Amino acid sequence: MHPNRKFHIADRETMAALVRELGFGVLFAATAHGPRAVHVPVLLSGDRLRFHVSRGNLIHSALVAGGEALFVATGPHAYVSPEWYGLEDRVPTWNYVAVELEGPVRTLDADELARLLDDLSAEREARLAPKPPWTRAKMSAGRFDGLMKAIAGFEMQVAAWRGTAKMDQDKPDEVRERIATALDERGEREMADLMRMKAVR
């Protein structure tokens with residue numbers, strides 16, 4: 001995370017809300033082949049982060065062996081041109097929001113994996129309303145169980161939370177507004193709105 005404490009997200013629920021909203025990120029772990037990363041859909045409940053990976057992924061065996069892993073969810077981000085500051089001697093930067101979760105990982109059993117997959121689809125399908133939600137009941141008999149053999153489920157017990165919301169909080173309000181306006185004009189409204197709200201803490 002960014003070393004400047006002005007950019008740190010202090011509130012754990014704010015971090016959790018971002019992870020739940022995104023529902024996707026990158027998981028890192030040390031493997032026999034060196035550090036590896038895998039992109040995973042996730043569900044966060046309290047201090048439990050559940051996810052699944054392909055058994056063919058190089059990170060799979062390292063996760064099965066236990067140990068620590070690091071998950072990163074990246075939210076809105078945007079390039080900032082130094083000309084938008086209206087100040088002399090500035091350089092380009094990148095504003096962004098991100099959360100890191102770290103902790104030990106355990107393997108889910110077959111029933112827990114099935115629940116994870118059901119919970120993941122239910123959570124995401126609910127966002128597609130009024131479309132009727134998809135469920136595995138719509139699949140051919142045996143097909144779901146067959147596909148489950150290709151993946152493994154895991155749960156991280158989150159021991160460390162770290163969040164960054166780097167949105168030029170170290171600049172005067174009028175400078176932040178100039179940057180937000182420039183981002184608005186480029187169609188990057190999510191970051192522009194966050195800069196104006198100053199609400200990510």
Kindly check whether there is at least one residue in region 82-92 that is within 30 Å of residue 176 (Cβ to Cβ), assigned to a strand (DSSP E or B) and of a type in the set (Val, Ile, Thr).
no
Return yes or no: is residue 16 surrounded by 14 or more Cβ atoms within 10 Å (Cβ to Cβ) and outside any helix (DSSP H, G or I)?
no
Look at residue 120 and say whether it is surrounded by 10 or more Cβ atoms within 10 Å (Cβ to Cβ) and over 16 Å from the mean Cα position of the chain (by Cα).
no
Identify, by number, the condition in (1) surrounded by fewer than 14 Cβ atoms within 10 Å (Cβ to Cβ); (2) at pLDDT 95 or above that residue 6 doesn't meet.
(2)
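Just to check your reading of the model, which residue among 36, 143 is farther than 30 Å from residue 194 by Cα, exposed (fewer than 14 other Cβ atoms within 10 Å of the Cβ) and either in contact (Cβ under 8 Å) with a residue 60 or more places away in the chain or basic (Lys, Arg) (or both)?
Values: 36 fails: exposed (fewer than 14 other Cβ atoms within 10 Å of the Cβ).
Result: 143 is the single residue among 36, 143 that is farther than 30 Å from residue 194 by Cα, exposed (fewer than 14 other Cβ atoms within 10 Å of the Cβ) and either in contact (Cβ under 8 Å) with a residue 60 or more places away in the chain or basic (Lys, Arg) (or both).
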Looking at region 41-59, which of its residues are charged (D, E, K, R) and either surrounded by 16 or more Cβ atoms within 10 Å (Cβ to Cβ) or not in a strand (DSSP E or B) (or both)?
47, 50, 55
Among the numbered criteria (1) closer than 19 Å to residue 74 by Cα; (2) among the small types (Gly, Ala, Ser); (3) more than 20 Å from the chain's Cα centre (by Cα), which single criterion is violated by residue 160?
(3)
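The values are calculated or read from the model by the stated rules, or taken from the named source; none is laboratory data. These figures come from a predicted structure and were not determined experimentally. No Cβ is skipped: glycine too gets one built from the backbone with ideal geometry, and neighbour counts run over all protein chains shown.
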